[in-house]
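The values are calculated or read from the model by the stated rules, or taken from the named source; none is laboratory data. Computed from a predicted model, the values in this text were never measured in an experiment. Here Cβ is always computed from backbone atoms with ideal geometry, including for glycine, and neighbour counts include all displayed protein chains.
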Amino acid sequence: MLKKIAVANQKGGVGKTTTSVNLACYLAMEGRRVLLVDLDPQGNSTSGLGLDRHSLQKTVRNVLSESARIADVLCLTPIRGLDLVASNNDTTEAEVFLLRQPEGKSRLKEALDEYSVSVQSKSSPNSSEANVDYVIMDCPPSLGLLTVNALMAADSLLLPVQCEYYAMEGLTDLLRTFTAIKQEFNPALRLEGIVLTMADARTNLSKEVGEEIRHHYGRHVFETAIPRSVRLSEAPSHGQPIAVYAPGSSAAQAYRSLAMEVIAHEKESVG
Ligand SMILES: Nc1ncnc2c1ncn2[C@@H]1O[C@H](COP(=O)(O)OP(=O)(O)O)[C@@H](O)[C@H]1O
Ligand SMILES: [Mg+2]
C-alpha cells in the first residue's frame with residue numbers, strides 16, 4: 001500500500017521542510033520506497049536534497065497545471081529509494097491556475113491515485129508482506145490551494161510544532177483547522193502525529209512547552225522530539241539530508257527514530 005503523509009503547519013519556520021526531507025530520507029534508508037513531493041514555491045526540500053531549483057526540467061507545476069503524470073516528473077535523489085517531485089517559483093503560477101479550475105483542490109489527489117496504481121502494479125506479487133511505500137508532502141506555510149491539495153490527497157497529517165512560547169495556542173488553532181479541513185474535504189484524513197521540533201533541553205521554556213503539549217495531546221505526540229541542532233540548520237546549504245551531512249549527530253538519531261515511529265504505525269494502517 002501507499003501511505004500519503006502531508007507535513008503541514010500554516011506557520012513558517014517550524015521545521016516542515018527539515019522534517020519532510022529527513023523523515024523521507026530515513027524511511028528510504030529503512031527500505032521503503034519514498035516519494036517526496038515539494039509543494040512549496042520556495043523549493044527548500046528540492047535544494048535541501050542537492051537539486052538546483054533554477055535548472056529543473058520538470059516540477060510539481062507540470063502535475064498541477066498540465067496534468068502531467070507523477071512518473072513523468074520524478075527526479076532521482078542521491079538517496080536510494082527516495083524520489084522527488086521538485087518545486088520552484090513556477091509552483092506559484094500553478095496555484096493561480098488551480099484557483100480557476102473547478103477541480104483545483106483535487107488535482108494532486110488524482111495524480112497520486114494514478115501513481116499509486118502504477119506503483120502497486122510494480123510490487124512483487126509473491127511478496128508475503130504488505131509493503132508500505134510512502135509519499136511525503138512538504139507544504140508551504142499557508143492554507144492556500146497547494147496545502148489544500150496536499151490535505152485532500154493525504155491519508156494523514158504530520159504536524160511539526162516548534163517548542164516556543166505560543167506553541168500551545170497555535171496548536172489549538174491548527175487542530176481546529178485540521179478538523180474543519182477533514183470535515184470539508186477529506187473525512188478519512190487522520191492525524192499521523194504532532195512532532196516537537198527545535199527542542200532545547202537546556203531551556204526550561206522548551207521543556208515546559210513540550211510537557212504541556214504532551215499533557216494535552218498525549219498519544220498524538222511522537223515520543224521523539226527533534227533537538228535544536230546547528231548541524232540540521234547547516235545541512236541544507238550543503239544540499240544534504242542530515243543522514244549524509246552528520247549521520248552521527250543527535251539530530252540524525254532523532255529523525256531516524258521519528259521514521260521508526262512512523263514505521264511502527266504501519267501495523268495500524270495495514271490492519
Ligand atoms: N531542529 C532544528 N535545529 C536547528 N535549526 C533547525 C531545526 N529545524 C529546522 N531548522 C532550521 O530552521 C529554519 C526553518 O526550518 P524549515 O524546516 O525550513 O521550516 P518550514 O519548512 O516550516 O518553514 C531552517 O533554516 C532550518 O534549517
Ligand atoms: Mg518549508
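Could you pull out the residue among 235, 251 that is touching a residue at least 24 places away in the same chain (Cβ under 8 Å) and within 16 Å of ligand 2 (Cβ to nearest atom)? Steps first, please.
Working: 251 fails: within 16 Å of ligand 2 (Cβ to nearest atom).
After applying the criteria, what remains is 235.
Scan the stretch 1-24 and report the pairs whose first residue is over 17 Å from residue 150 (Cα atoms) and among the hydroxyl-bearing types (Ser, Thr, Tyr) and whose second residue is more than 12 Å from ligand 2 (Cβ to nearest atom) and modelled with pLDDT of 95 or more, with Cβ atoms within less than 7 Å and a gap of 6+ or a chain change.
So the pair list comes out as 18/232.
Within the stretch 124-146, work out how many residues are modelled with pLDDT under 95, within 16 Å of ligand 1 (Cβ to nearest atom) and buried (at least 18 other Cβ atoms within 10 Å of the Cβ).
Residues in the stretch 124-146 being modelled with pLDDT under 95, within 16 Å of ligand 1 (Cβ to nearest atom) and buried (at least 18 other Cβ atoms within 10 Å of the Cβ): 0 in total.
If a residue must be in contact with a helix residue (DSSP H, G or I) (Cβ under 8 Å, 6 or more places away or on another chain), surrounded by fewer than 19 Cβ atoms within 10 Å (Cβ to Cβ) and within 18 Å of residue 83 (Cβ to Cβ), how many such residues does the stretch 5-32 contain?
Selection size over the stretch 5-32: 2.
Taking the options 230, 262, 244, name whichever one is surrounded by fewer than 14 Cβ atoms within 10 Å (Cβ to Cβ) and hydrophobic (A, V, I, L, M, F, W, C).
Testing whether each residue is surrounded by fewer than 14 Cβ atoms within 10 Å (Cβ to Cβ) and hydrophobic (A, V, I, L, M, F, W, C) leaves just 230.
Give the residue, chosen from 121, 116, that is part of a helix (DSSP H, G or I) and surrounded by fewer than 15 Cβ atoms within 10 Å (Cβ to Cβ).
Details: 116 fails: surrounded by fewer than 15 Cβ atoms within 10 Å (Cβ to Cβ).
Result of the check over 121, 116: 121.
Can we say residue 69 is touching a helix residue (DSSP H, G or I) at 6+ places or on another chain (Cβ under 9 Å), crowded, with 22+ Cβ neighbours inside 10 Å and basic (Lys, Arg)?
Values: touching a helix residue (DSSP H, G or I) at 6+ places or on another chain (Cβ under 9 Å): yes; crowded, with 22+ Cβ neighbours inside 10 Å: no; basic (Lys, Arg): yes.
Judged against the criteria, residue 69 is not a match.
Condition check ((1) in contact with an Asp or Glu (Cβ under 7 Å, 6 or more places away or on another chain); (2) within 16 Å of ligand 2 (Cβ to nearest atom); (3) closer than 30 Å to residue 166 by Cβ) across all residues:
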| position | (1), (2), (3) |
| --- | --- |
| 8 | no, yes, yes |
| 20 | yes, yes, yes |
| 29 | no, no, no |
| 39 | yes, yes, yes |
| 43 | no, yes, yes |
| 52 | no, no, no |
| 63 | no, no, no |
| 85 | yes, yes, no |
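Limited to the stretch 205-222, what total is found for residues that are of a type in the set (A, V, I, L, M), under 16 Å from residue 174 (Cβ atoms) and in a helix (DSSP H, G or I)?
Just the residues of the stretch 205-222 that are of a type in the set (A, V, I, L, M), to begin with: 205, 209, 213, 221.
So of that shortlist, the ones also under 16 Å from residue 174 (Cβ atoms) come out as 209, 213, 221.
Next, only the ones that are in a helix (DSSP H, G or I) stay: 209, 213.
Looking only at that region, the number is 2.
Which condition breaks for residue 208 when tested against (1) surrounded by fewer than 20 Cβ atoms within 10 Å (Cβ to Cβ); (2) modelled with pLDDT of 95 or more?
All conditions are met except number (2).
Looking only at residues in the stretch 218-232 that are out of contact with any Ser or Thr (no Cβ under 6 Å at 6 or more places or on another chain) and over 24 Å from residue 157 (Cβ atoms), which one is nearest to ligand 2 (Cβ to nearest atom)?
Restricting to residues being out of contact with any Ser or Thr (no Cβ under 6 Å at 6 or more places or on another chain) and over 24 Å from residue 157 (Cβ atoms), the top hit is 229.
Just checking, does the stretch 242-249 include any residue being within 20 Å of the chain's Cα centre (by Cα) and away from ligand 1 (no atom under 16 Å from the Cβ)?
no
Suppose we filter 179, 224 for residues that are of a type in the set (Ser, Thr, Tyr) and closer than 19 Å to residue 141 by Cα; which single one remains? Working first, answer last.
On the way: 224 fails: closer than 19 Å to residue 141 by Cα.
Every option except 179 fails the conditions.
May I ask you to verify whether residue 2 is more than 16 Å from ligand 2 (Cβ to nearest atom), modelled with pLDDT under 95 and either crowded, with 16+ Cβ neighbours inside 10 Å or over 27 Å from residue 228 (Cα atoms) (or both)?
Details: more than 16 Å from ligand 2 (Cβ to nearest atom): yes; modelled with pLDDT under 95: yes; either crowded, with 16+ Cβ neighbours inside 10 Å or over 27 Å from residue 228 (Cα atoms) (or both): yes.
Yes; evaluated as a whole, the condition is true for this residue.
How many residues does the stretch 211-227 contain that are of a type in the set (A, V, I, L, M) and loosely packed, with under 15 Cβ neighbours inside 10 Å?
We begin by selecting, within the stretch 211-227, every residue of a type in the set (A, V, I, L, M); these are 213, 221, 225-226.
Restricting the remaining residues to those that are loosely packed, with under 15 Cβ neighbours inside 10 Å gives none.
Summing the residues that are of a type in the set (A, V, I, L, M) and loosely packed, with under 15 Cβ neighbours inside 10 Å in the stretch 211-227 gives 0.
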